[in-house]
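Below is one structure, written out as structure tokens; comments come after it.
The values are calculated or read from the model by the stated rules, or taken from the named source; none is laboratory data. Computed from a predicted structure; not experimentally measured. With ideal geometry, Cβ positions are generated from the backbone for all residues, glycine too; neighbour counts draw on all protein chains shown. The area values use the complete protein model at the heavy-atom level, side chains included, leaving out ligands, DNA and RNA. Shrake-Rupley method; radii C 1.70, N 1.55, O 1.52, S 1.80 Å.
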Amino acid sequence: MAAPPLGRLVLTHLLVALFGMGSWAAVNGIWVELPVVVKNLPEGWSLPSYLCVLVALGNLGLLVVTVWRRLAPGKGERVPIQGLLLLLPLPPSVPTGGPGPGLRVGTPGVEKEEEEEASPLQEPPSPAADATPSPEPVVPRLLSTHGAFLLGLLAVTNALTNGVLPAVQSYSCLPYGRLAYHLAVVLGSAANPLACFLAMGVLCRSLAGLGSLSLLGMLFGAYLMALAVLSPCPPLVGTSAGVVLVVVSWILCLGVFSYVKVAASSLLHGGGQPALLAAGVAIQVGSLLGAVAMFPPTSIYQVFRSGKDCVDPCGP
């Protein structure tokens, strides 16, 4: 099969980049505004947990699109299905595929076909390569310990970064002031793409290495969760050291988890369409479970306590 024209490749990737940038800016723009509005809206400090659930539920539409396309008799459904993708939100830190902000999880089948059709990073397949079947089936590889570990890693890390930790970010940061919350949100969002670019140059392919990085991220996450539990009187409240620690912890936590997600996605990328589909399911299910699990303690049972303006609950 002849390679598509260069102009078509450039246009395709430009449109994909603009689509990703639009959804990224839309969702992250809301999160960046939270330090300004969270104290003035009825939901108060629990507002982030509402957003986590809404974004996660919005991504259930991706599953509908995938099933619809699987059941469609032909490819005539691709145009209306891809049009529906424009209406679907994406979580703030969901990876979007290979070298970039992560794994393309919208419709893995579509993305894989487009990649095989028009990827500038691939040489066009030769007829001999097309005629030679892969000696190792994809499904057994996904069911292996290696594949299960990577899929589980994606599910857990996305549950933490798209559901559990964002739901309590206000409780861990606002006791230190709005500036701390603002810096944690903005710099944490910036750490995500920076970690993705790092993975493009230095990719960890060791399961032990990815597991160690995940444990490191969980240590930072545990510290942030402890701050949220102790809200509104966490350690070092009212000090510059407390502000620095909470901001740096958010940056490192999100950066480490972003790197792990991109690395795991890249390792699964070689498994073809079934691996991309399985990774997309793991990402979306993990994000949804994390968001739903944190909604009752933050918004219904008030496990985490919020502070009040002009009141010092931590005084003697």
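For the stretch 296-316, a residue qualifies if it is surrounded by fewer than 19 Cβ atoms within 10 Å (Cβ to Cβ) and assigned to a helix (DSSP H, G or I), and the qualifying residues are Pro296, Pro297, Ile300. Screening Leu276, Leu268, Leu254 for residues that are assigned to a helix (DSSP H, G or I), open to solvent by less than 40 Å² (accessible area, probe 1.4 Å) and in contact with an Asp or Glu (Cβ under 7 Å, 6 or more places away or on another chain) leaves exactly one candidate, Leu276.
Any idea which of Ser266, Ser231 is within 30 Å of Gln302 (Cβ to Cβ), touching a Gly at 6+ places or on another chain (Cβ under 8 Å) and of a type outside the set (Val, Ile, Thr)?
Details: Ser266 fails: within 30 Å of Gln302 (Cβ to Cβ).
That would be Ser231, the only listed residue that is within 30 Å of Gln302 (Cβ to Cβ), touching a Gly at 6+ places or on another chain (Cβ under 8 Å) and of a type outside the set (Val, Ile, Thr).
Taking every residue in the stretch 6-30 that is part of a helix (DSSP H, G or I) and pairing it with any residue that is of a type outside the set (A, V, I, L, M, F, W, C) and modelled with pLDDT of 85 or more, at least 6 positions away or on another chain, the pairs with Cβ-Cβ distances below 7 Å are Asn28/Ser189.
The helices (runs of 4 or more DSSP H) found entirely in the stretch 32-99 that carry 1 or more residues being modelled with pLDDT of 50 or more are 47-58, 60-71. Regarding Tyr181, is this residue at pLDDT 95 or above, in contact with a Lys or Arg (Cβ under 9 Å, 6 or more places away or on another chain), part of a helix (DSSP H, G or I) and not hydrophobic (A, V, I, L, M, F, W, C)? No, not satisfied.
Considering Ser287, Ser249, the condition of being hydroxyl-bearing (Ser, Thr, Tyr), buried (at least 18 other Cβ atoms within 10 Å of the Cβ), assigned to a helix (DSSP H, G or I) and touching a Phe, Trp or Tyr at 6+ places or on another chain (Cβ under 9 Å) is satisfied by Ser249 alone.
Can you tell me which of Leu207, Leu288 is among the hydrophobic types (A, V, I, L, M, F, W, C) and farther than 25 Å from Gly44 by Cβ?
Values: Leu288 fails: farther than 25 Å from Gly44 by Cβ.
Only one candidate qualifies: Leu207.
With the structure loaded, tell me whether Leu227 is under 20 Å from Pro35 (Cβ atoms), buried (at least 17 other Cβ atoms within 10 Å of the Cβ) and in contact (Cβ under 8 Å) with a residue 24 or more places away in the chain or whether it fails that test. Here the answer is yes, as Leu227 does meet what is asked. Cβ separations smaller than 6 Å between residues 6+ apart or across chains give the following pairs from the stretch 253-274 residues that are touching a residue at least 12 places away in the same chain (Cβ under 8 Å) and within 15 Å of Gly152 (Cα to Cα) to residues that are among the polar types (S, T, N, Q) and surrounded by fewer than 24 Cβ atoms within 10 Å (Cβ to Cβ): Val260/Ser214. Remark: pairs (first residue in the stretch 299-311, within 15 Å of Met225 (Cα to Cα); second residue open to solvent by less than 90 Å² (accessible area, probe 1.4 Å) and among the polar types (S, T, N, Q); Cβ separation under 6 Å; 6+ apart in sequence or on different chains) = Phe304/Ser231; Phe304/Thr298; Arg305/Ser231. In this entry, Met1 is excluded by the filter for residues that are modelled with pLDDT under 85, part of a helix (DSSP H, G or I) and exposed (fewer than 12 other Cβ atoms within 10 Å of the Cβ).
Val292: open to solvent by 50 Å² or more (accessible area, probe 1.4 Å) and assigned to a helix (DSSP H, G or I), yes or no? It would help to see each step written out before you state the result.
Details: open to solvent by 50 Å² or more (accessible area, probe 1.4 Å): yes; assigned to a helix (DSSP H, G or I): yes.
Yes.
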